[in-house]
Structure formats: C-alpha cells, structure tokens
Amino acid sequence: MTNMAILISGRGTNMEALAGKCKSGELNANVAFVASDKADALGLNKAKVMNFKTLVLPYDRGRAIAEAALDEELSKHSVDWIVLAGFMRILSSQFVARHSERVVNIHPSLLPAFPGTQAIKDAYEYGVKVTGVTVHLVDEMVDHGPILNQAEVRILDEDSLESLEAKIHEVEHDIYWRTLKDLFAGRYLRRGRRMIIEGSR
Ligand code: 3YE
C-alpha cells in the first residue's frame, strides 16, 4: 500500500477528504503522518482525532532545519509520496531534488492561470467565466510542475467569492483522491511536461 505524508497549514479539509477515502478503501493508501508548518493549524486537531501521527515543522528555526526535520520523519516512515494539502510553504530546490517526482500539490485555479496564494479571489476579480482546480507534481518552481489533472468550475453571474470558494473546495475534495489513485497505481507516464494516463491517448 502506498504510504503518504500529508502537509497542511490550515483547516486541513483536503487532508480530511483524503483520509476519508483511505478509510473507505476507495484510495489504497496509508497516512504515515500529517505535518504542519503552523502549530495552531486546525487540521492538526482533526488529524489527531483521526489517530494520525502529527508533526509541527520548526519553520521558526529556518527552512533548512524545518525540511531536515521533515526528511527525518519521511525516512522513518518510508514514505512514498508527499501530498501538499493547503500547505503554504515553498519547498527548497534541494528538498524537491531529494524527493524528485514524489511531491504533489493541489492548486485552486486552472494553472498556468492564477498562480499564487489568492488564486480563487484573483480569478473571481479578473472576471473569468471558468476557473477550476489543478493537481500537479511539485518542481523547484512554484505552481509550475507537470500537470496531473484539472477540473473546471464555472463562475456564474450569481456567484459570490464565498460561493465560488465553496464550489472550488468541493471539486478539490473529489479530484485529489481520484488523481492520487491513478498516481499511486503507477498509471501516469511522463512525456516531457505532459503526464499521460496509461492506456489513454
Ligand atoms: N514548493 C515548490 N513548488 C511548488 N509549495 C507549494 C507548491 C509548490 C511548493 O509547486 N518548490 C507562500 C506560499 C506559496 C509563500 O511565499 N511562503 C513563504 C513563507 C510564508 C510564511 O512565512 O508563512 C515561503 O518561503 O514558503 C505549496 C503552496 C505554496 C504557496
């Protein structure tokens, strides 16, 4: 079974959704531990309630020390995949190189449109009619790695920023586990930047 570490910074709703799919057996993976850069992240409490091992990464002592602490925990649990779920730190190029093609992120826009930390608001205020969610491999740049999957969300005239956020999060909770299921099963083949599902064209 695939062993994954989940990294969060906030409420951990994507982590909760993934954990639910592991529990139901729909996602054949084990949560090795849940780590946060923020000691007061609400998601850490949720993780503890679900009996996951939790870890606070000491970013107050600098990125290198925090990433070394993460590395130690990753090797302790022989983690296969590092799953970013609302984690709000840039991973160093050294960390990414050490875990090449083993880190995945979910971003709330159709990349390469609206990268950055305010993607939903940026798309809403720009006035696009279609935005969405992207699941991608993490490389040394931010919101840039090869795209594994995308799902669209239409922005309707009657949408508020809040209603759009709710729709995006709902789509995130559905697309992330489905994409990880294919990823963990080894179904993705890489063709340059293009990530192709085995058996599809
Ligand atoms: N790291 C790499 N590539 C990626 N992290 C994330 C995606 C992704 C990644 O594709 N290499 C905002 C976080 C950005 C930011 O600038 N954070 C600063 C410090 C902020 C603070 O002090 O709290 C930083 O240096 O990390 C996940 C999404 C990252 C979003």
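The values are calculated or read from the model by the stated rules, or taken from the named source; none is laboratory data. As the structure is a prediction and not an experimental result, all values here were calculated from the model. Glycine also receives a Cβ, built like all others from the backbone with ideal geometry; neighbour counts cover every protein chain displayed. Note: accessible area is taken over every heavy atom of the protein model, side chains too, but ligands, DNA and RNA are not part of it. Shrake-Rupley method; radii C 1.70, N 1.55, O 1.52, S 1.80 Å.
Is it the case that some residue within the range 158-168 is out of contact with any strand residue (DSSP E or B) (no Cβ under 9 Å at 6 or more places or on another chain), within 16 Å of the ligand (Cβ to nearest atom), of a type outside the set (Asp, Glu) and part of a helix (DSSP H, G or I)?
No: the range 158-168 contains no residue that is out of contact with any strand residue (DSSP E or B) (no Cβ under 9 Å at 6 or more places or on another chain), within 16 Å of the ligand (Cβ to nearest atom), of a type outside the set (Asp, Glu) and part of a helix (DSSP H, G or I).
Does the range 53-73 contain at least one residue that is under 23 Å from Glu172 (Cα atoms), modelled with pLDDT of 95 or more and more than 12 Å from the ligand (Cβ to nearest atom)?
yes
Kindly list, by first and then second residue, each pair from a residue in the range 107-123 that is touching a residue at least 40 places away in the same chain (Cβ under 8 Å) to a residue that is open to solvent by 70 Å² or more (accessible area, probe 1.4 Å), limited to pairs with Cβ atoms under 6 Å and residues at least 6 apart or on different chains.
Listed pairs, sorted by first residue: Leu110/Gln150.
What pairs can you find where one residue is in the range 89-106 and on the phi > 0 side of the Ramachandran plot, the other is modelled with pLDDT of 95 or more and near the ligand (Cβ under 10 Å from one of its atoms), and their Cβ atoms are less than 8 Å apart, with a gap of 6+ or different chains?
Going by the 8 Å Cβ cut-off, the qualifying pairs are Glu101/Leu137.
Report whether or not His107 is within 14 Å of the ligand (Cβ to nearest atom), closer than 30 Å to Ser78 by Cβ and in contact with an Asp or Glu (Cβ under 6 Å, 6 or more places away or on another chain).
Considered against the rule, which asks whether it is within 14 Å of the ligand (Cβ to nearest atom), closer than 30 Å to Ser78 by Cβ and in contact with an Asp or Glu (Cβ under 6 Å, 6 or more places away or on another chain), His107 comes out as yes.
Can you tell me which residues in the range 111-142 are open to solvent by 10 Å² or more (accessible area, probe 1.4 Å) and assigned to a strand (DSSP E or B)?
Val130
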